[in-house]
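The values are calculated or read from the model by the stated rules, or taken from the named source; none is laboratory data. Given the structure is predicted, the values throughout are model-derived calculations rather than measurements. Ideal geometry is used to build each Cβ from the backbone, glycine not excepted, and the neighbour counts take in all protein chains shown. For the accessible areas, the whole protein counts, side chains as well, though only heavy atoms, and no ligand, DNA or RNA atoms are used. Shrake-Rupley method; radii C 1.70, N 1.55, O 1.52, S 1.80 Å.
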Amino acid sequence: MPIPQYMKDNIVNQNNDVNADENIRTMFSDQDRLLKRLGNANWRALRALNMQFDDMPTAECFYQAASGWKKALEGVEYPWLVWSVDEDWAYVQQKMVVEAGWTPIVGYDPRAKPPTKLLKESILVDFNQGLNLPIFYMHIPLDFIHLFAPRLAFFHSDLLVKPEKMAKLSALFKALPDGEIAMTNLTKLRFEWMQKLFSKQEKLFELAGCITRGASQDIFDKGCSMWQGWAFHPNCPSEEEFQRRLKLHWDHGAGLLYWQQHYGGKVTIIQERYLDEGHFSRTSKDNFKVLSDNNENRDTGLDLRGNYDVYRLAKQMGISC
């Protein structure tokens, strides 16, 4: 797919603030870094690879990969994506999903290798097959749900949810009309008036959510996205629209907020506060020891193993393992 000149002019020359990355100047010119950024789910990285190097993955490669994902999920009415960065955490999450009445679809980061602890109800999918990226985030398939599932629920690899809250999420996600999504907001403030006054809404948060096929198709057709660098989406409709999007937040979920606000997309909001007790991350737990890099090499599995015993946490939260 040809890259418009106005995108080419911005791919390498304009840099995002990538969390004070010391090597930011090489972010969109170094092939190895770009492949990792693509594995982080980043449209700009995909465009930069295609513009500067030969024999790189293209957007069409992801469309083709989705046909394999569709075969793996054939006949599954309620698939819930469990992303393995550590197989013990993924095992506990599978338990949560089955208890809530959904089918765990287990993907994995290639650095973690295929998990061996699988429930009989679970379906293991190598989402990276044929793409062979060095890093592979769960956000990649979330842009293509319309190609392989009637709806897909998902949550962060570092999230544990009490059974009574999982039951409520399950009911919400199952009841979502086609064409709508549910997503977490990004604020721990309790009241809506406080959220409007004291927090700047830049993105929808993929801590937990569900996207229906119709919504996924509409989001994709309008060039919006779960991915980072979403202004560079191949369906961005015009240079004027590209320039508008380029000024907005670039991270995961920002394109979904734009879909909601600019195109009237229907979104049911899950309050971050509702789930934060079980979010074991560097952004939610004060005593969290950061062990991995804060750039495209970030390894959530390394951080989780170095901080927590997931089975002990599960017991504390009433999750049966």
Open item on the list: What percent of all Cα-Cα pairs in the range 221-321 falls into each 5 Å bin, going from 0 up to the bin containing the maximum distance?
Closed with: 2, 11, 15, 15, 14, 13, 13, 9, 5, 2, 0
TODO: Highest first, please rank the peptides 126-133, 83-90 by the mean number of other Cβ atoms sitting within 10 Å of their residues.
DONE: 83-90, 126-133
Open item on the list: Less than 13 Å apart at the alpha-carbon level, and either on another chain or at least 8 residues along: which aspartates and glutamates does that give for LYS174?
Closed with: GLU77
TODO: Determine the dipole magnitude for the range 253-321: charges of +1 sit on the beta-carbon of Lys and Arg, -1 on that of Asp and Glu, nothing else is charged, the reference point is the Cα centre, and the result goes in debye to the nearest 20.
DONE: 180 debye
Task: Distance between modelled label sites at GLU99 and LYS200, nm, 7 Å Cα→Cβ extension - done: 4.0 nm
Task: Anchor LYS289: lysines whose Cα lies under 29 Å away (excluding residues fewer than 8 positions away in-chain) - done: LYS36, LYS95, LYS113, LYS117, LYS162, LYS165, LYS188, LYS200, LYS203, LYS315
Open item on the list: Suppose we take every Cα in the range 118-265 and form the convex hull; what volume per residue is that in Å³?
Closed with: 150 Å³
Open item on the list: With a 1.4 Å probe and all protein chains left in place, how much accessible area per residue does the chain have, in Å²?
Closed with: 45 Å²
Task: Accessible area of CYS321 in the full protein assembly, 1.4 Å probe (Å², nearest 10) - done: 70 Å²
Open item on the list: For SER225, what accessible surface area do you get with a 1.4 Å probe? Give it in Å², rounded to 10.
Closed with: 0 Å²
Task: Relative contact order of the range 71-218, pairs being alpha-carbon contacts under 8 Å that are 6 or more residues apart, as % - done: 26 percent
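Cβ under 13 Å from TRP43's Cβ, TRP43 left aside: what net charge do those residues give with Lys, Arg +1 and Asp, Glu -1?
Overall, the nearby charge balance is +2.
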Task: Contour excess over end-to-end distance, with Cα ends at LYS162 and ASP126 and 0.36 nm allotted per residue - done: 10.1 nm
Task: Surface share of carbon and sulfur [accessible, 1.4 angstrom probe, percent] for the range 37-192 - done: 50 percent
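Set the Förster distance to 45 Å, then compute FRET efficiency between ASP9 and GLN271 from the Cβ-Cβ distance, nearest 0.05. Mind dumping the intermediate values first?
Working: r = 40 Å, r/R0 = 0.90.
Efficiency at R0 = 45 Å is approximately 0.65.
How large is the convex hull of the C-alpha atoms of the range 96-171 per residue, in Å³?
109 Å³
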TODO: Please state, as a whole number in µm²/s, the translational diffusion coefficient that the Stokes-Einstein equation yields for the range 58-152 at 4 °C and 1.567 mPa s, with Rh defined as the Kirkwood radius across alpha carbon pairs.
DONE: 97 µm²/s
- [ ] Place a +1 charge on the Cβ of each Lys and Arg in the range 205-317 and a -1 charge on the Cβ of each Asp and Glu, then give the dipole magnitude about the Cα centre in debye, rounded to the nearest 20.
- [x] 300 debye
Open item on the list: Please enumerate, by chain and number, the aspartates and glutamates with C-alpha under 13 Å from the C-alpha of LYS71, excluding those fewer than 8 residues away in the same chain.
Closed with: ASP126
Open item on the list: If I compute Rg and Dmax of the Cα atoms in Å from the structure I just sent, which labelled value in [x] 19.8, 67; [y] 18.8, 55; [z] 19.2, 62 lines up?
Closed with: [y]
